[in-house]
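Since the structure comes first, as structure tokens, the remarks are kept for the end.
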Amino acid sequence: MKRKVGIITLGCPKNLVDSEIMAGILEDAGFEVTTILRSAETIIINTCAFIGDAKEEAIMSILEAARYKTEGSLKILMVAGCLAERYKEEIFKEIPEVDVVVGTGSIGQIPEILSKRLDSNDLRREICTQTPNSVDYLESTRNVADNKPYSYLKIAEGCDNRCTYCIIPSLRGGYRSRTIENITREARILVKKGKKEIILVAQDVTRYGTDIYGEKSLVSLIRELGKTEGIERIRLLYCYPELIDDNLITEMKNNIKLVKYMDIPIQHISDRILKAMGRRGNKEYINNLLIKIRREIPEVVLRTSLITGFPGETEEDFKELYEFVKECRFEHLGVFAYSKEEDTPAYKMKGHVPQKIKEARRNKLMALQKDNVKKHNSTRIGRIYDTIVDGVAEDGIFYVGRTYAETPDIDPIVYFTSPEPLEIGMIVPVKILCPDGYDLVGEAQGIGRNGE
Ligand code: SF4
């Protein structure tokens, strides 16, 4: 009987990739990865600890999974990921149900840790961490079990940007790129598994290659990936504003496989707050960058994320941010109320903003963004877009898909009907008929490039 392991993934797409690697190396080691948690001897919770809400969610998931010790077959409850790295001792002390805490640098050791424990029936509790200083584990087998036509591809680990509100560099270590060979090899495997859209992720994709090639190499990577037959779309997430250069903008303009979509977390626009956040690039630089991108690539779709209520943020600073969002009209926007995180420089800063004000400012920006989305959507009515089929809606009538303007899991989607049956992964022309809240509704126009 194979030993069964259940994996619960929290947090960002980078964590999802880590979980898929955990599943891959466990299967290579003879374990069976199951979604039926009740039958699992081991449950791994791959956690996030970026902000307060994420920590709460992680603790809730741990306590929920612990129930299977009495209601299921659970022997080993393992906590991995950022919460494990950040609070290894505290988890150990405060959550006795947890048997093993595995840091972000020890993912590769998970099969060995489990086999040793289960073989010897040695169930003493342990913490397994080592400094996260390599990307070797990313070259391991990855279990991409879903039938989605897209997959995230992690091109680097860690971060050197050191924003003052962020705990990630201390949890994931310094920036470490994978080689172009290793990344393209993985992309070929993903294509064989039916993936048409490859979404490049890292804490900062624009810094790619500076550590191993001595220069920014994202464009070289994109071109190499573009040579892989079967890849229809390459998408970029997490571009650091100050590292976006003409080379990348020109590549996005001319490379038909690189979707005209840029996710650029900007965080704020007031020079005073940007400085306090430790962000490089000031208001003038950011505004000029956005103007240039929109001028060079008129159909570009821009996503950003902003933080409200950073220590010292005045009503004036917020007004500046509000006007910025009004003017720039991002197609997609995420806004977070600043989360006070110990062990970050911002934690010790003066002028912390009351929670109510942080949230009120976030809500104001999201209300403004709702208006921006309405205006964007109204310009898309009647237009025809190549749309990838991601699946079928619960009602069984509509297909769900995405044009180049939507990223999975974080952006709205397109619901559409089709005169012909379609398969997941097909790219078909869809005419947008109307908005449905943030989402869009459309109709497939005959069969697309992939159709017969
Ligand atoms: S770029 Fe800044 S916010 Fe993003 S992971 Fe790095 S330090 Fe954190």
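The values are calculated or read from the model by the stated rules, or taken from the named source; none is laboratory data. Bear in mind that the values here come from a model prediction, so they are computed numbers and not experimental data. Here the Cβ positions follow ideal geometry from the backbone for every residue, glycine too, while neighbour counts run over all protein chains shown. Just the protein is used for accessible areas: all its heavy atoms, side chains included, with ligands, DNA and RNA removed. Shrake-Rupley method; radii C 1.70, N 1.55, O 1.52, S 1.80 Å.
Quick notes
- Evaluation of Lys55 against (1) open to solvent by 40 Å² or more (accessible area, probe 1.4 Å); (2) under 26 Å from the mean Cα position of the chain (by Cα); (3) of a type in the set (Lys, Arg) (one fails), failing number: (1)
- Among residues of region 190-237, those that are among the aromatic types (Phe, Trp, Tyr), surrounded by fewer than 21 Cβ atoms within 10 Å (Cβ to Cβ) and within 16 Å of the ligand (Cβ to nearest atom), counted: 0
- Restricting Ile155, Ile107, Ile91 to residues that are touching a Phe, Trp or Tyr at 6+ places or on another chain (Cβ under 6 Å) and either away from the ligand (no atom under 16 Å from the Cβ) or farther than 30 Å from Val400 by Cα (or both) narrows the list to Ile107.
- Selection count, region 158-175, where residues are in a loop (DSSP other than H, G, I, E, B) and near the ligand (Cβ under 9 Å from one of its atoms): 11
- Among the residues of region 312-331, the ones that are acidic (Asp, Glu) and within 26 Å of the chain's Cα centre (by Cα) come to 1 in all.
- Checking each residue in region 249-288 for being within 16 Å of the ligand (Cβ to nearest atom) and among the small types (Gly, Ala, Ser) picks out Ala276, Gly278, Gly281.
- Taking residues in region 92-104 that are open to solvent by less than 20 Å² (accessible area, probe 1.4 Å), and partners anywhere that are among the small types (Gly, Ala, Ser) and in a loop (DSSP other than H, G, I, E, B), not one pair has Cβ atoms closer than 6 Å while being at least 6 places apart or on different chains.
- Scanning region 244-275 for residues that are farther than 15 Å from Glu197 by Cα and open to solvent by 30 Å² or more (accessible area, probe 1.4 Å) yields Asp245, Asp246, Asn247, Thr250, Lys253, Asn254, Asp271, Arg272, Lys275.
- Some residue of region 416-431 being open to solvent by 10 Å² or more (accessible area, probe 1.4 Å), closer than 19 Å to Tyr261 by Cα and touching a Ser or Thr at 6+ places or on another chain (Cβ under 9 Å): yes
- Where Val144 falls short, out of the listed (1) away from the ligand (no atom under 16 Å from the Cβ); (2) open to solvent by 30 Å² or more (accessible area, probe 1.4 Å); (3) on the phi < 0 side of the Ramachandran plot: (2)
- On the stretch given as region 210-235, residues that are of a type outside the set (S, T, N, Q), under 26 Å from Lys275 (Cα atoms) and touching a Ser or Thr at 6+ places or on another chain (Cβ under 9 Å) total 2.
- Those residues of region 153-176 which are farther than 12 Å from Thr104 by Cα and open to solvent by less than 10 Å² (accessible area, probe 1.4 Å), in sequence order: Leu153, Lys154, Ile155, Ala156, Ile167
- The helices (runs of 4 or more DSSP H) found entirely in region 224-312 that carry 2 or more residues being in contact (Cβ under 8 Å) with a residue 40 or more places away in the chain and either aromatic (Phe, Trp, Tyr) or within 20 Å of Arg207 (Cβ to Cβ) (or both) are 246-254, 283-296.
- Selection from region 26-50 of residues that are β-branched (Val, Ile, Thr) and in contact with a Lys or Arg (Cβ under 9 Å, 6 or more places away or on another chain): Val33, Thr34, Ile36, Thr42, Thr47
- The single condition among (1) surrounded by 15 or more Cβ atoms within 10 Å (Cβ to Cβ); (2) more than 19 Å from the chain's Cα centre (by Cα); (3) of a type outside the set (Ser, Thr, Tyr) that Leu123 does not meet is (1).
- Scanning region 6-18 for residues that are more than 15 Å from Glu85 (Cβ to Cβ) and among the polar types (S, T, N, Q) turns up just one, Thr9.
- Filtered by the rule that a residue be under 22 Å from the mean Cα position of the chain (by Cα) and either open to solvent by 30 Å² or more (accessible area, probe 1.4 Å) or not assigned by TED's automatic domain parsing to the domain that holds Cys166 (or both), region 332-369 gives Phe336, Lys340, Arg362, Met366.
- Cβ separations smaller than 6 Å between residues 6+ apart or across chains give the following pairs from region 67-86 residues that are within 21 Å of Lys116 (Cβ to Cβ) to residues that are surrounded by fewer than 18 Cβ atoms within 10 Å (Cβ to Cβ) and polar (S, T, N, Q): Ser73/Ser39.
- Tally of residues being more than 30 Å from Ile307 (Cβ to Cβ), open to solvent by 40 Å² or more (accessible area, probe 1.4 Å) and assigned to a helix (DSSP H, G or I) across region 12-36: 2
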